[in-house]
Amino acid sequence: MTGAGSGLGASMVQRFASVGMAIVALDIDGGRAQETADAVISGGGRAIALGVDVADRSALEGAAKGAKDAFGSCNVLCANVGVQQFGALDKLSEAEWRWVLDVNVMGVVNTVAAFLSLMRDTGGERRICLTASSSVLLPGERIGAYVASKFAVMGYGETLRLELGREGIGVSMLFPAGMESRHLESSQLAKPTDIPGAVMSQEDIDFMLSSRNLDTAFHVATTEHATRNLLEDLAADRPYIVTHGDYRSELIERNEALLAAFDRAQD
Ligand SMILES: NC(=O)c1ccc[n+]([C@@H]2O[C@H](COP(=O)([O-])OP(=O)(O)OC[C@H]3O[C@@H](n4cnc5c(N)ncnc54)[C@H](O)[C@@H]3O)[C@@H](O)[C@H]2O)c1
């Protein structure tokens with residue numbers, strides 16, 4: 001589990017531990033990853049923790065070796081890290097773009113690349129869960145770098161599902177809506193200090209929320225609520241896992257516009 005030190009990742013860890021799975025908790029904040037592992041151990045489970053930056057492929061390869069040494073196998077892999085960087089598209093710096101893409105996109109690619117051979121050796125029922133975002137299904141303004149990165153996660157995940165399905169490894173994409181977590185605080189802490197600027201401003205947040213009524217569509221939930229169906233959805237190898245929120249009509253509207261474009265092309 002990457003991003004295991006907080007929020008959604010920590011809640012997913014508790015779900016997996018509740019059914020007896022051994023946990024490898026990875027986070028750029030090694031102390032927080034250890035707290036997640038300690039909570040599992042104090043509940044009678046098995047867990048290790050490692051401080052890892054998902055943008056660093058070699059660090060993840062070291063983590064995969066640590067997982068193999070500790071538990072010998074990997075049945076479920078969650079690439080869950082995602083950082084937020086608010087800002088209008090004409091205001092984001094190149095360095096901010098690269099940071100978001102390095103962590104949110106290459107972080108997912110690196111995680112899978114590092115753990116895939118251990119998963120292949122494990123055999124049996126295996127699952128990969130990639131954390132995308134509801135913003136792929138209903139984009140909002142002022143979070144363009146984040147939205148673009150999560151679209152890339154979905155594109156990668158769709159292809160991975162096709163390629164690994166042949167080997168019996170299921171791939172699911174998770175679409176959380178707003179959750180009570182440390183998302184903005186931990187993004188600020190993880191942002192390299194040589195990239196100037198805050199990850200958010202209240203003006204950007206207000207603008208985003210008002211731009212498409214996102215505050216009502218994405219009511220904020222606890223991470224416990226967001227993970228309530230996770231085990232069942234992964235067991236059933238469902239490609240898409242929506243955690244909560246009601247933005248069905250906006251999704252239909254977008255898909256109908258796409259289908260209309262498709263229809264026009266049939267002339
Ligand atoms: N919170 C929301 O409203 C929301 C909504 C939709 C999607 N998401 C997605 O859910 C996922 C989890 O976010 P969360 O809300 O639980 O946030 P969180 O901040 O509570 O947890 C994210 C964790 O990732 C870690 N992290 C950050 N950069 C890292 C890096 N480079 N390498 C390793 N670890 C790193 C942080 O230290 C933190 O512990 C993210 O992919 C996020 O984009 C969150």
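Taken together, the values in this text are just the output of simple stated rules run on the coordinates, not laboratory data. The structure presented is a predicted model; accordingly, all values stated were derived computationally and were not measured. Because the Cβ atoms are built from the backbone with ideal geometry, glycine has one as well, and the counts that use them run over all protein chains shown.
Can you sort 68, 191 from fewest to most other Cβ atoms within 10 Å of each residue's own Cβ? Exposure proxy ranking, most exposed first: 68, 191. Calculated mean residue ellipticity, 222 nm, the chain: -15500 deg cm²/dmol, from DSSP H runs (n ≥ 4) at -39500 (n - 2.57) each, averaged per residue and rounded to 500. Spin-label model, residue 101 to residue 151: label points 7 Å out along the Cα-to-beta-carbon direction sit 1.3 nm apart.
Seen through its C-alpha gyration tensor, with square-root eigenvalues sorted a ≥ b ≥ c, the stretch 186-267 comes out oblate because a/c lies at 1.5 or above while a/b is not bigger than b/c. Its relative contact order, with pairs defined as Cα atoms under 8 Å and 6+ residues apart, puts the chain at 19 percent. Of the trypsin sites (Lys or Arg not before Pro) found in the stretch 100-173, those that fall in a DSSP loop while having at most 10 other beta-carbon atoms within 10 Å are 166.
Please label the shape of the stretch 130-216 as rounded, prolate or oblate, based on the square roots a ≥ b ≥ c of the eigenvalues of the alpha-carbon gyration tensor (a/c under 1.5 means rounded; beyond that, a/b larger than b/c means prolate, else oblate). It comes out prolate by the Cα gyration axes. Taken along the Cα-to-beta-carbon direction at a fixed 7 Å, the label points for residue 240 and residue 203 span 3.6 nm. Projected label points at residue 195 and residue 228, each 7 Å from Cα along the beta carbon direction, are separated by 3.5 nanometres. Express the Stokes-Einstein translational diffusion coefficient of the chain in µm² s⁻¹, to the nearest whole number, given a Kirkwood radius over alpha-carbon pairs, 37 °C and a viscosity of 0.692 mPa s. Roughly 173 µm²/s, to the nearest whole number.
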